[in-house]
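See structure below.
No value in this document is a laboratory result; all are computed from the given coordinates. No experiment lies behind these values; they were computed from the predicted model shown. As a convention, Cβ positions derive from the backbone with ideal geometry for all residues, glycine included, and neighbour counts pool all protein chains shown.
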Amino acid sequence: MKHFRFEDLEIWRDAIDLGDRLFDIAELADSKKLYKFAEQLRSSGLSISNNITEGSGSFSKKEFGQFLNISRRSVFECANMIIIFHRRSIIDEKEKTKLLADLAYLSRRITSFRKTLN
């Protein structure tokens, strides 16, 4: 049984799934003693789903849209972190390519969902 509006949002479920993968990569950075990199990826990855969640509790569509904008910007931050992780040899090319594609797809879905609020 679902208790909150955000639980019905497919973009939230996708953000949670992607966030889990980003947390796994952060653990790889931790194992290489790159703690600040790891924490930044965790933070930006969690921000994606957190802002969808927080926005879903808004009383206005405009306010919800603002939270979706923050969520989308966090997607971009994660993309930058993934590129850095690849450059630092924390992840390989295949993982980078897959994550960037998934982040880009989620960004487009957040944008499309936001447009439905107007």
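Entry remark, the stretch 71-103: residues being in a helix (DSSP H, G or I), more than 10 Å from the chain's Cα centre (by Cα) and either at positive phi or without any contact (Cβ under 8 Å) to a residue 40 or more places away in the chain (or both) number 11 in total. Here the stretch 24-61 is the region considered, the condition is being among the polar types (S, T, N, Q) and in a loop (DSSP other than H, G, I, E, B), and the residue that is surrounded by the fewest Cβ atoms within 10 Å (Cβ to Cβ) is S60. Residues that are farther than 24 Å from T116 by Cβ and buried (at least 19 other Cβ atoms within 10 Å of the Cβ) within the stretch 62-90 comprise M81, I82, F85, I90, listed in sequence order.
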